[in-house]
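Structure record follows, encoded as structure tokens.
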Amino acid sequence: MAATLGSNDCHSPKVMIERGPVPDSNRLLSGHDSNEILPGYNLQSVGGYVLFNMNGTAAIGPWGTSFAGNLTPDDTGIGFWSEEQFVKAIKNGKYKGLDNSRQLLLPMPWEGYAKLPEEDLKAIFSYLKSIKPVKNIVPPAILP
């Protein structure tokens, strides 16, 4: 189910092939690569637009800069998360599924995923806990 909902589109670094970027099978769902430096940009020339990096793992908009999280079961990802935290993150849009945390930032479409039945979210969490762990500390969001 996680594969059909587009999780790899934003949460997987990409490799370039002749037809364009595809998810890197060695780093699936590991989030924005902590070693990737985003290029500079001119805020005035991009005003009114949302910018994505070439991997689709970082987005810049009026909310600041957001980075796709590491969804692998590594400790730098969701390794320490409980199922309850995961469900709360998706159902309530709470960062790391914690009550007193900030809202999830765009472009994460959590409001759409929140409509999924809880048993589906638990199945996604179970799947994410079963994939290859990838060590990758995603940078914190840069708020405006």
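Any read-out appearing in this document is the output of simple, stated calculations on the displayed coordinates, not a laboratory observation. Owing to the predicted nature of the structure, the values given are computational and were not obtained by experimental measurement. All Cβ positions, even for glycine, are placed from backbone atoms using ideal geometry, and neighbour counts span all protein chains on display.
Numbers at a glance
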read-out: Ascending count of other beta-carbon atoms within 10 Å, so fewest first, for Tyr41, Tyr113; value: Tyr41, Tyr113
read-out: Folded to 0 to 90 degrees: helix 83-92 orientation relative to the chain principal axis, Cα; value: 50 degrees
read-out: Cα-centred dipole magnitude for the chain, charges only on beta-carbon of K, R (+1) and D, E (-1), debye, nearest 20; value: 80 debye
read-out: Out-of-range pairs (alpha-carbon distance over 19 Å; input Lys14/Lys122; Lys91/Lys122; Lys14/Lys88; Lys88/Lys129; Lys14/Lys91); value: Lys14/Lys122; Lys14/Lys88; Lys14/Lys91
read-out: Sum of -39500 (n - 2.57) over DSSP H runs of 4+, divided by residues of the chain (222 nm, nearest 500); value: -6500 deg cm²/dmol
read-out: Rg over Rh [alpha-carbon atoms, Kirkwood Rh] for the chain; value: 0.96
read-out: Order of Met16, Met108 - criterion: other Cβ atoms within 10 Å of each residue's Cβ, fewest first; value: Met16, Met108
read-out: Environment charge at Lys91 (Cβ cut-off 13 Å; Lys +1, Arg +1, Asp -1, Glu -1); value: -3
read-out: Simple label model, 7 Å out from Cα along Cβ direction - Tyr49 to Asp99, nm; value: 4.4 nm
read-out: DSSP-loop trypsin sites (Lys or Arg not before Pro) across the stretch 46-144, with at most 12 other Cβ within 10 angstrom; value: Arg102, Lys115
